[in-house]
Amino acid sequence: MKSDSVDSVTYQRQRIKHFWPFQSGRRPILQWLIFLSSLVLLYVMALWSYRSGDRTTAHVPLPRPFLQHLNRTQTPSGDTPLASTAPPGLSVEEWQHLLKAIDWGGPESQVTSANRSTSPYRSTFTIDNLKQSYSVGEELHATIFARDFTGQSKGYGGDFFQAKVYSNKLKASVFGEVLDHQNGTYSARFILPWPGKASVAVRLIHSSEAVQVLKRHRRTESNRIYFYGFFVGKDGNGTEVKESIVCNVKWAGVVLSPGEQKNCEYRDVRTGLTWQCRRPRVLPCDALMYHSAGGYAKTMTTLEQQLMDRRKVVNKWLKADPRLITINASNATVGAKNLCGPGLSTPIPAGFYLNNVWTSFVCATRHFAVKDTTQCLKDKHVYIMGDSTSRQWFDYLISSVPTLKRMNLHTEGQVGPLMAVDVQNNADLHWRAHGLPLRCRKTPFTSLQYISNVLDEMVGGPQTVFVFNMWAHFTNYPLSYFAHRVALVRRAVVALLRRAPGTKVVIKTANTGYKDIYGSDWFSMQLDGILREAFRDVGVYILDVWQMTACHSNPEGIHPAPVIIKNEVDILLSFMCPR
């Protein structure tokens, strides 16, 4: 009996017959017209898609593979454990080359006596071939000689020196470049950018032996700064229970020993990052409600305490060369003339102070009055994300623009989000912390957002400015952890600039100020190097504040003085409004 159903082979043949135009029974001219029209339509669609893609990425060159150009002949010090997997967008090889690039020399063996460490009282410097006078724009050179407390010359490098040329009378200063010859001597190079009298100053931030202490503690005791998680709930009897528990990041080299049970873990799905807390005694893991700073573990040995003694050996000025430098005016061009834009490199020096006003060697920065600042912010959406040093920018802008009014969002001021609005000029300003790890007052755990996640949710566009920084709260962690965090942000920035090429992205670098085992400037400098290298050639503005804080006459602190903040914000506004 003949079946009413159609077998699969016959059915497929019938489908092909009805789809294919060149079948018998159709008019040949109509068949060819249908076929050619289809080809033309496909070609037009492909061409439109290609050109549309070009328009989207025309101003955002694809970044070169992260770190590919670094010197591959250096040997890493081995002080930084790598995570088992490379961060997004980076290969393990590239990651290893980064660690090699920021490798730091020093003693081959552990020093057993503080007397054999570099002494700021016995070390000296001298100005090389001092001339009777110089002209603006000329270079000046000095040589630093490192000696230990017995007066013996050091035979190896690794000391952390900083140098500057300055004039207190003129409220002027310029940062100097220090080169380590790895034999106990160092060269310092300066540009002389203003006319008048000037002096040279050199200080020892850390001896090479102290740097070894910093390396060891970063390698073995990343948990020397810890945090608290606050758990709130009810026990089996319905009684309200509150428990504060030690928490920290989960990463290779960061030890958070579990109690009797496995630690509670909180994994962010988008970043893959995990925060962990010891398990509460009564409450479940999902009862975590608040986060705050915890404490600082004191783990230094007696010798290490001597090498890191801030009263005696850390951040001390060497005995000055008393000879003054005479600088005459000249026709040399002082300061950069090109407009501020993305991708500009940061020279040493990056600029100089004169009468407490910073002149940049990076680009033609402007100095903004209240009216100029208001006009620059007009019709802009400015988002700042980072630590308390970036919050200083937020506070400064509000204080300097009368029409910019702070909104009360009833959030923790150290964490945010914070917001200010200028209704008259259609501008809004935002700040929030960069997320975990963050040393702050007690705040809702859910208010802590990662930078990369916030970027992924931004629309962007020509009226949008995104500013971020990250370093101060990462100084005690392995470099591999920080590199991973930076790579996540880099990936998010590249995606943002692809979908919204007109968006301005500004990175605020680290500033000086920390001098102890928990947050030394040496730690900050290495993190800053990773951040700068990661975003080189990505199409962002890297705003250098390291030199601005290192060479100013104000006493250093983690939060720069208002006169420095004013100059930093002027550079930010110069990037936002170059004309």
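Applying the selection to region 283-310, what residues are more than 29 Å from Arg203 (Cβ to Cβ), open to solvent by less than 70 Å² (accessible area, probe 1.4 Å) and assigned to a helix (DSSP H, G or I)? Once the filter is applied, which keeps residues that are more than 29 Å from Arg203 (Cβ to Cβ), open to solvent by less than 70 Å² (accessible area, probe 1.4 Å) and assigned to a helix (DSSP H, G or I), region 283-310 yields Cys285, Ala287. Of the residues Ala293, Ala252, Ala287, Ala320, the single one that is in contact with a Gly (Cβ under 7 Å, 6 or more places away or on another chain) and of a type outside the set (Ser, Thr, Tyr) is Ala287.
Which condition number in (1) acidic (Asp, Glu); (2) under 23 Å from Thr346 (Cβ atoms); (3) open to solvent by less than 10 Å² (accessible area, probe 1.4 Å) is the one that Glu209 fails? Here Glu209 clears every test but (2).
Elements of the type strands (runs of 3 or more DSSP E) sitting completely within region 318-365 and holding at least 3 residues that are of a type outside the set (Lys, Arg) and either modelled with pLDDT under 95 or crowded, with 17+ Cβ neighbours inside 10 Å (or both): these cover 351-354, 357-360.
Among the residues making up region 450-466, those that are out of contact with any helix residue (DSSP H, G or I) (no Cβ under 7 Å at 6 or more places or on another chain) and either within 20 Å of Tyr514 (Cα to Cα) or of a type in the set (A, V, I, L, M) (or both) are Val454, Val459. For Trp522, the conditions (1) part of a loop (DSSP other than H, G, I, E, B); (2) among the aromatic types (Phe, Trp, Tyr); (3) within 15 Å of the chain's Cα centre (by Cα) all hold with the exception of (1). Candidates in region 156-214 are the residues that are under 25 Å from the mean Cα position of the chain (by Cα) and among the acidic types (Asp, Glu); of these, the one that is farthest from Glu108 (Cα to Cα) is Glu177.
Test Thr464 against the criterion of being buried (at least 19 other Cβ atoms within 10 Å of the Cβ) and polar (S, T, N, Q), and give yes or no. Answer is no for this residue. Among the residues of region 157-172, those that are assigned to a loop (DSSP other than H, G, I, E, B) and either β-branched (Val, Ile, Thr) or open to solvent by less than 10 Å² (accessible area, probe 1.4 Å) (or both) comprise Gly157, Gly158, Asp159.
Looking at region 540-555, can you tell me whether even one residue there is closer than 23 Å to Ser345 by Cβ, more than 19 Å from the chain's Cα centre (by Cα) and in a loop (DSSP other than H, G, I, E, B)? Within region 540-555 (the criterion being closer than 23 Å to Ser345 by Cβ, more than 19 Å from the chain's Cα centre (by Cα) and in a loop (DSSP other than H, G, I, E, B)), the answer is yes, since at least one residue qualifies.
When Trp522 is tested against (1) crowded, with 19+ Cβ neighbours inside 10 Å; (2) over 25 Å from Ser173 (Cβ atoms), only condition (2) is not met. In this structure, does Gly236 turn out to be more than 25 Å from the chain's Cα centre (by Cα), among the small types (Gly, Ala, Ser) and at pLDDT below 95? Criteria met by Gly236. Scanning region 217-239 for residues being open to solvent by less than 70 Å² (accessible area, probe 1.4 Å), touching a residue at least 60 places away in the same chain (Cβ under 8 Å) and part of a helix (DSSP H, G or I) gives a total of 5. Going by the conditions given, is Ile542 of a type in the set (Val, Ile, Thr), open to solvent by 10 Å² or more (accessible area, probe 1.4 Å) and within 29 Å of Asp103 (Cβ to Cβ)? Yes: the conditions hold for Ile542. On inspection, Ala500 qualifies as in contact with a Pro (Cβ under 9 Å, 6 or more places away or on another chain) and among the aliphatic types (A, V, I, L, M). Scan region 240-277 for residues that are over 22 Å from Phe474 (Cβ atoms), open to solvent by 20 Å² or more (accessible area, probe 1.4 Å), in contact with a strand residue (DSSP E or B) (Cβ under 7 Å, 6 or more places away or on another chain) and of a type outside the set (A, V, I, L, M) and jot them down. Result: Glu240, Lys242, Glu243, Ser244. One residue is enough: does region 127-149 have a residue meeting the conditions part of a loop (DSSP other than H, G, I, E, B), within 20 Å of Val213 (Cβ to Cβ) and open to solvent by 60 Å² or more (accessible area, probe 1.4 Å)? Scanning region 127-149 turns up at least one residue that is part of a loop (DSSP other than H, G, I, E, B), within 20 Å of Val213 (Cβ to Cβ) and open to solvent by 60 Å² or more (accessible area, probe 1.4 Å).
Selection of first residues in region 341-368 that are at positive phi and of second residues that are among the small types (Gly, Ala, Ser), restricted to Cβ pairs under 8 Å at least 6 apart or on distinct chains, gives the following pairs, ordered by first then second residue: Gly343/Gly539; Gly351/Gly335; Gly351/Ser360; Asn355/Ala172. The single residue among Ala483, Ala487, Ala495 that is small (Gly, Ala, Ser), surrounded by fewer than 19 Cβ atoms within 10 Å (Cβ to Cβ) and in a helix (DSSP H, G or I) turns out to be Ala495. Out of Arg270, Arg279, one residue alone is touching a Cys at 6+ places or on another chain (Cβ under 7 Å) and in a loop (DSSP other than H, G, I, E, B). It is Arg279.
The values are calculated or read from the model by the stated rules, or taken from the named source; none is laboratory data. What you are looking at is a predicted structure, and each value in this text was computed from that prediction instead of being measured. Please note: Cβ atoms are built from the backbone with ideal geometry, for glycine as well, and neighbour counts cover all protein chains shown. Side chains included, ligands, DNA and RNA excluded: accessible areas come from the protein's heavy atoms. Shrake-Rupley method; radii C 1.70, N 1.55, O 1.52, S 1.80 Å.
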